[in-house]
Amino acid sequence: MQLIHDLTATRNETLKYFDLGDDELERTYGPGKWSVRFLLHHLADSETVENDRIRRILSEPRQTLPVSEQDAWATGLDYQQLPLEISRHIYESVRVGIIYLAGLHYEKHGHLEFVHSVDGVRTLKQEFDKVAAHNAKHLEHIRLALSRRHSQ
């Protein structure tokens with residue numbers, strides 16, 4: 001299944017970036033944009049939010065689930081001080097669970113719905129697809145940041 005391939009490929013690439021040195025982790029992909037360090041923490045937190053949503057959709061379909069305020073998470077969890085190793089373990093373990101659930105439920109239960117507090121009615125399939133697409137988008141940001149000579 002293409003989704004499993006995408007989830008696995010984005011996971012494998014993302015995990016490599018957790019091992020970067022401090023100089024590379026502080027690079028940004030543009031003025032005023034998040035550093036690689038912040039992007040990695042954000043990906044770990046996004047995985048936890050998506051994992052929770054997926055599990056809720058499977059267990060309690062059609063409920064309203066709240067939007068996640070990414071900047072509030074970055075501030076509240078102090079991404080600059082939060083040990084990257086913690087986020088690495090969270091990201092890796094939660095992604096394993098998401099891949100497992102996608103293999104079981106993407107086709108069979110992909111029609112299940114929930115109500116996103118901002119975007120309205122969405123399906124389980126859409127939420128699984130969002131996990132892979134969101135990760136891929138931020139991998140592009142990380143690659144761009146690392147291609148730049150220094151943060152601006």
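Reported count of residues in segment 29-76, each being of a type outside the set (Asp, Glu), farther than 16 Å from PHE128 by Cβ, in a helix (DSSP H, G or I) and without any contact (Cβ under 8 Å) to a residue 12 or more places away in the chain, is 3. For VAL121, the test of being farther than 20 Å from LEU43 by Cα, surrounded by fewer than 16 Cβ atoms within 10 Å (Cβ to Cβ) and in contact (Cβ under 8 Å) with a residue 24 or more places away in the chain is failed.
Restricting the search to segment 127-152, which residues are at pLDDT below 95 and either hydrophobic (A, V, I, L, M, F, W, C) or surrounded by 14 or more Cβ atoms within 10 Å (Cβ to Cβ) (or both)? Outline the logic, then answer.
Step one: of segment 127-152, the residues at pLDDT below 95 are 148-152.
The one that is at pLDDT below 95 and either hydrophobic (A, V, I, L, M, F, W, C) or surrounded by 14 or more Cβ atoms within 10 Å (Cβ to Cβ) (or both): SER151.
Of everything in segment 93-134 that's β-branched (Val, Ile, Thr) and within 15 Å of ARG11 (Cβ to Cβ), which residue is nearest to the chain's Cα centre (by Cα)? Filtering first and then ranking leaves VAL131. Among all residues of segment 19-40, there is none that is on the phi > 0 side of the Ramachandran plot and of a type in the set (D, E, K, R). Scanning segment 65-72 finds one or more residues that are surrounded by 14 or more Cβ atoms within 10 Å (Cβ to Cβ) and closer than 14 Å to HIS138 by Cα. Of everything in segment 92-146 that is among the aromatic types (Phe, Trp, Tyr) and part of a helix (DSSP H, G or I), the residue that is farthest from TRP34 (Cα to Cα) is TYR106.
The values are calculated or read from the model by the stated rules, or taken from the named source; none is laboratory data. Quick caveat, the model's predicted, so the values are computed rather than measured. No Cβ is skipped: glycine too gets one built from the backbone with ideal geometry, and neighbour counts run over all protein chains shown.
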